[in-house]
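Down below is the structure, laid out as structure tokens.
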Amino acid sequence: MRIEIMKDAGELSRAAADLICDAVRVKRDARLGLPTGGTPILTYRELARRIGTDCSTNIVYAIDEFAGVPSGTAGTNSAFYREHLRISAHAVHCPDSGAADPEREIASFAEAIGAGGGLDLCVLGLGVNGHIAFNEPGSRRESRARVVALTPETRRAHAQAFGSLDLVPALGMTLGVADLMAVRSLCVIVQGAHKAAIARAAIEGPRTPDVPASWLQQRADVIWMLDAAAAAALSTTRTSA
Ligand code: PGA
């Protein structure tokens, strides 16, 4: 794994935007899996600033979505992308959170990614409970795209976006750990002191379903980008400088 420690969130977002733009420069129709959440917002702002310069439109896939609420509901990933990802909406593919059959919806979403040749780059966030996409603790290395029960931590983390905890769906749809591990390039962005303990567990702890992000240790080429606060508990002292 490559560990890059940035001094702050601004530096982290510029580095993540660089990585995304590089992927698009190398392949104009690069297929990108991009995360939602608080961490990537600055990265998307940086990307928006660069659009028209060195980073143009490409094809973006969600890596997870809530289930059981109409598409575009405040708090869903489709709403997040609309608000924060300032590229052509036609280029953003997201499972339909309102699908009547979420299992079929996420299975066909994953099939469409495969039929398109797979993802070239996937940027992941890290949940405080160690999840990647909605692969919650307990997710096996071989897990595939599926419907999952969201943990209380994950639901709490989204309460504000949905308006209240009660409004956060109980279920999510996610690409599986095995689907993510099959992506050509993988990067994880982690920001803030509240992620320090789980970042250490994911990077330096045992590989275990209890910390789904720890499965990423099996790929030597995964890039971890952390700000100094998130990296504070790591034994490594490598920096990006
Ligand atoms: P966050 O979410 O960026 O809002 O902390 C990360 C995640 O759950 O993937």
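Computed from the coordinates by the stated procedures, all read-outs in this text should not be read as laboratory data. If you're wondering where the values come from, they're calculated on a predicted model, not measured in any experiment. Here the Cβ positions follow ideal geometry from the backbone for every residue, glycine too, while neighbour counts run over all protein chains shown.
Take the Cα of Thr236, step 7 Å along the line toward its Cβ, and report every residue of the range 4-22 whose backbone nitrogen sits under 19 Å from that point.
4-9, 11-20
Using Cα pairs closer than 8 Å and at least 6 residues apart in sequence, work out the relative contact order for the chain, in percent.
26 percent
Amide H neighbours of Leu186 under 5 Å, counting only residues 5+ apart in sequence or on other chains, H built in-plane at 1.01 Å?
Cys122, Ile223
Which residues' amide hydrogens lie under 5 Å from the amide hydrogen of Gly75, considering only partners 5 or more residues apart or on another chain, with H built in the peptide plane?
Amide H neighbours of Gly75: Phe80.
What Kirkwood radius, in Å to one decimal, follows from the Cα pairs of the range 122-230?
So the Kirkwood estimate lands at 14.1 Å.
Note down the magnitude of the dipole of the range 162-219 about its Cα centre, charges +1 on Lys and Arg C-beta and -1 on Asp and Glu C-beta and zero elsewhere, to the nearest 20 debye.
260 debye
How do the peptides 227-235, 164-172 rank, highest first, by the average count of neighbouring beta carbon atoms within 10 Å per residue?
Descending packing order for the listed peptides: 227-235, 164-172.
If the chain between Asp101 and Ala178 were fully stretched, how many nm would it gain, using 0.36 nm times the residue separation less the Cα-Cα distance?
Length difference between fully extended and current span is 25.5 nm.
Quickly work out the Asp210-to-Ser71 label distance, labels modelled 7 Å from Cα along the C-beta direction, and quote it in nm with one decimal.
Once both label points are built, they end up 4.0 nm from each other.
List the equivalent ellipsoid semi-axes of the range 180-239 in whole Å, largest first, each obtained as the square root of 5λ for an eigenvalue λ of the Cα gyration tensor.
For the range 180-239, the ellipsoid semi-axes come out as 18, 13, 10 Å.
For the chain, what are Rg and Dmax over the alpha carbons, in angstrom?
16.5, 49
Suppose the chain between Ala91 and Arg45 were pulled fully straight at 0.36 nm per residue; how much longer would it get relative to their current alpha carbon spacing?
14.8 nm
In 10 Å bins starting at 0, how do the alpha-carbon pair distances of the range 31-154 split up by percent?
Cα pair-distance distribution for the range 31-154, in percent: 12, 44, 35, 8, 0.
Assuming 0.36 nm per residue, please report the length gained on full extension of the stretch Arg144 to Ala115 beyond their Cα-Cα distance.
8.9 nm
Kindly identify the range 69-119 as rounded, prolate or oblate by the Cα gyration tensor criterion: order the square roots of the eigenvalues as a ≥ b ≥ c, call it rounded if a/c is under 1.5, otherwise compare a/b with b/c, prolate if a/b is larger, else oblate.
Oblate, since a/c reaches 1.5 and b/c is not below a/b.
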